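Accompanying notes for the structure given below.
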């Protein structure tokens, strides 16, 4: 497989399509009609572009889902932290309950 990066591969495919379209008459004169290959490459390029768009949408959804999950976790943590502060106030810092709570945060 080529070591060319994704953008380079996309550009190469596009340039090859353009070249074959521009030079179709010359190629045909030499005994090679590139029409089928041009259409094949156009279809593959279009499919690759659609797949890239779908991949980008999936990545965006994954980021959104991660942000949402982190927000919910932060909300739960804050409530638990508030409860720890409340219990510390009720029982005092030297109580066994509060000592156990301090171990949870380590």
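No lab work stands behind these numbers, since they all come straight from the coordinates. What you see is a predicted model; the values in this text were computed from it and never measured. For neighbour counting, all protein chains shown are included, and Cβ atoms are generated from backbone atoms with ideal geometry for every residue, glycine included.
Given contacts defined as C-alpha pairs under 8 Å and at least six residues apart, what's the relative contact order of the chain, whole-number percent? Each step should come with its number before you reach the end.
Working: 26 pairs, mean separation 14.9, N = 106.
14 percent.
Distance from the Cα centroid of the stretch 1-44 to that of the stretch 67-81 is 52 Å (rounded to whole angstrom). Taking 7 Å steps out from each Cα toward its Cβ at residue 56 and residue 80 produces label points 3.8 nm apart.
What does the helix-only formula give at 222 nm for the chain: each DSSP H stretch with n ≥ 4 adding -39500 (n - 2.57), the total divided by the residues, and the result rounded to the nearest 500 deg cm²/dmol? Before the final figure, lay out each step's value.
Working: 4 runs with 89 residues, N = 106.
Computed ellipticity for the chain at 222 nm equals -29500 deg cm²/dmol.
For the Cα atoms of the chain, what angle does the longest principal axis make with the long axis of helix 35-91, in degrees from 0 to 90, nearest 10? Taking the Cα atoms of the chain, the angle to 35-91 is about 10 degrees. Considered as an equivalent ellipsoid built on the Cα gyration tensor, the stretch 45-106 has semi-axes of 48, 10, 4 Å, the largest given first. Report the calculated FRET efficiency for residue 12 and residue 65 (r = Cβ-Cβ distance, R0 = 30 Å), to the nearest 0.05. After rounding, the FRET efficiency stands at 0.30. The angle separating the long axis of helix 6-22 from the principal Cα axis of greatest extent in the chain is about 20 degrees.
Give me the orientation-averaged projected area of the Cα convex hull of the chain, in nm², one decimal. List each step's numbers first, then the result.
Values: hull surface 44.4 nm².
With the hull built on Cα positions only, its mean projection is 11.1 nm².
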